[in-house]
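S.K.: Sharing a structure below in structure tokens format, with a few things to ask.
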Amino acid sequence: MSTPNTTLQSAEVLILPDGKILAHNITPEMAAVLCELQPDNQGMQQRAAQTARQPDSNLRQHEHPTRN
Amino acid sequence: MIALPETVSGKRIAHRAQVASERALIARQKLSCCNLCAHHCGVNRLQAEQGPCHAGPTSRVFSAQIEVSDELELIPTFAIALSGCDLRCSFCITGKESWNPHAGERFDVKGLADQATHALENGARTIMILGGEPTIHLPDALAIAAALPDDAKLIWKTNAHGSAEARELLDGIFDVWLADYKFGNDACAQRLALVPHYNEVVRENLLWANDHSELIVRHLLMPGHVDCCWQAVAQWLAEHLPQVKINLRSGFWPAWQARKHADLRGTTSSLETERALRIAHDYNLCLVE
């Protein structure tokens with residue numbers, strides 16, 4: 001089922017049974033969340049500090065037809 | 001034989017946008033007998049013939065956003081991911097889109113260039129073109145390079161399975177080649193990515209990229225492949241590209257069709273990661289995060 005008005009932005013997170021967290025396509029917003037989950041993760045702290053503003057919504061393309 | 005409007009080696013070209021625009025047209029013509037990747041299938045993509053990548057004459061994009069998960073020196077980057085790839089890595093983290101060039105949205109050069117430029121104006125340091133594999137979409141990849149400011153730092157994120165023909169058209173356009181070196185032997189490459197002669201092709205691309213741009217090599221550490229893949233990759237890099245920056249990534253994720261292979265059903269263990277780091281240390285490799 002496709003969801004209307006979805007933008008192209010996405011990130012994925014996998015939390016393993018041992019509590020280890022894997023992530024890819026990490027947006028600045030997701031990096032901030034991961035920092036909350038893992039306050040001792042220095043690498044993620046560094047990434048979260050690298051901020052940039054996503055393009056305004058009116059500059060984004062339209063819905064992603066393959067994303068559910 | 002099509003004459004290139006300008007060729008350079010080892011440096012970024014002046015008037016990049018203009019040169020990229022001219023080369024985009026040349027690349028488009030080459031789709032009539034596509035040899036952009038090292039499969040050299042020679043299909044006429046302009047007539048909807050399909051080779052191993054199944055790509056047609058146009059590109060689609062499945063992600064376009066600011067990301068901070070790449071190398072620290074490159075982030076924040078505005079990453080534009082094109083659908084489709086010429087490899088078939090079972091463990092592809094974006095397999096759904098990377099194996100399907102028809103996934104995602106129409107490639108809108110102006111819209112994407114506007115987004116990218118806006119991102120640069122708001123803190124992004126680089127623009128990254130990736131996939132899937134962008135080499136199979138060289139016409140549109142060059143078209144977007146042509147639409148970006150000449151001083152934008154452009155990253156070419158590739159599987160390093162391109163042809164000499166593709167490299168010639170890329171020469172001087174991208175500031176950094178961020179290239180995967182996934183498999184240290186051809187048997188693993190054939191079994192897990194359905195690609196023959198992998199090491200010969202990748203090594204040729206890496207050596208060229210190092211001569212013609214800045215190069216960062218990535219290796220995704222796979223469970224059970226420290227000795228057969230990473231050890232071999234590390235040894236070759238130490239012998240042939242000893243100064244190159246290498247990102248050893250340990251966060252293997254058993255994605256897509258990884259579970260078809262018993263060795264790829266889990267993640268890398270901390271012991272494997274420690275051993276991989278010891279190998280890197282022993283070879284005196286230049287690791288980056």
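The values are calculated or read from the model by the stated rules, or taken from the named source; none is laboratory data. What you are looking at is a predicted structure, and each value in this text was computed from that prediction instead of being measured. Cβ coordinates were reconstructed from backbone atoms using ideal geometry, including for glycine residues, and neighbour counts include every protein chain displayed. SASA here: full protein model, heavy atoms, side chains in, ligands and nucleic acids out. Shrake-Rupley method; radii C 1.70, N 1.55, O 1.52, S 1.80 Å.
S.K.: Restricting segment B:80-116 to residues that are within 9 Å of chain A (Cβ to nearest Cβ) and part of a helix (DSSP H, G or I), which is surrounded by the most Cβ atoms within 10 Å (Cβ to Cβ)?
M.R.: For segment B:80-116, the residue satisfying everything is B:Ala116.
S.K.: Related question: Out of B:Thr135, B:Thr126, I need the residue that is in contact with a Pro (Cβ under 9 Å, 6 or more places away or on another chain), of a type in the set (Ser, Thr, Tyr) and more than 9 Å from every other protein chain (Cβ to nearest Cβ). Which one?
M.R.: B:Thr126
S.K.: Contact list please: Cβ distance under 9 Å, first residue in segment B:93-117 and more than 12 Å from B:Ala64 (Cβ to Cβ) and free of Cβ contacts under 8 Å to residues at least 60 places away in the same chain, second residue part of a helix (DSSP H, G or I) and open to solvent by 50 Å² or more (accessible area, probe 1.4 Å), pairs at least six apart or on different chains.
M.R.: Short answer, once both residue conditions are applied: B:Ala103/B:Lys96.
S.K.: Just name the residue that is nearest to the other protein chains (Cβ to nearest Cβ) out of those in segment B:223-260 that are open to solvent by 30 Å² or more (accessible area, probe 1.4 Å), more than 27 Å from B:Asn284 (Cβ to Cβ) and in contact with a helix residue (DSSP H, G or I) (Cβ under 9 Å, 6 or more places away or on another chain).
M.R.: Restricting to residues being open to solvent by 30 Å² or more (accessible area, probe 1.4 Å), more than 27 Å from B:Asn284 (Cβ to Cβ) and in contact with a helix residue (DSSP H, G or I) (Cβ under 9 Å, 6 or more places away or on another chain), the top hit is B:Trp256.
S.K.: Of the conditions (1) assigned to a loop (DSSP other than H, G, I, E, B); (2) in contact (Cβ under 8 Å) with a residue 60 or more places away in the chain, B:Ser21 satisfies every one except a single condition; which number is it?
M.R.: (1)
S.K.: Counting only residues that are hydroxyl-bearing (Ser, Thr, Tyr) and open to solvent by less than 20 Å² (accessible area, probe 1.4 Å), how many does segment B:38-68 have?
M.R.: Counting residues in segment B:38-68 that are hydroxyl-bearing (Ser, Thr, Tyr) and open to solvent by less than 20 Å² (accessible area, probe 1.4 Å) gives 2.
S.K.: Take the residues in segment B:261-289 that are touching a residue at least 60 places away in the same chain (Cβ under 8 Å) and touching a Ser or Thr at 6+ places or on another chain (Cβ under 7 Å), then tell me which one is most open to solvent (accessible area, probe 1.4 Å).
M.R.: B:His261
S.K.: Go through the residues of segment B:243-266 one by one and say whether even a single one is farther than 27 Å from A:Leu22 by Cβ and either at pLDDT 95 or above or not small (Gly, Ala, Ser) (or both).
M.R.: yes
S.K.: Counting only residues that are more than 7 Å from chain B (Cβ to nearest Cβ) and open to solvent by less than 50 Å² (accessible area, probe 1.4 Å), which one in segment A:10-22 is farthest from B:Ile66 (Cα to Cα)?
M.R.: Only one residue tops the list, namely A:Gly19.
S.K.: Can you tell me which residue in segment B:192-222 is nearest to B:Trp156 (Cα to Cα), limited to those that are surrounded by fewer than 18 Cβ atoms within 10 Å (Cβ to Cβ) and aliphatic (A, V, I, L, M)?
M.R.: Filtering first and then ranking leaves B:Leu207.
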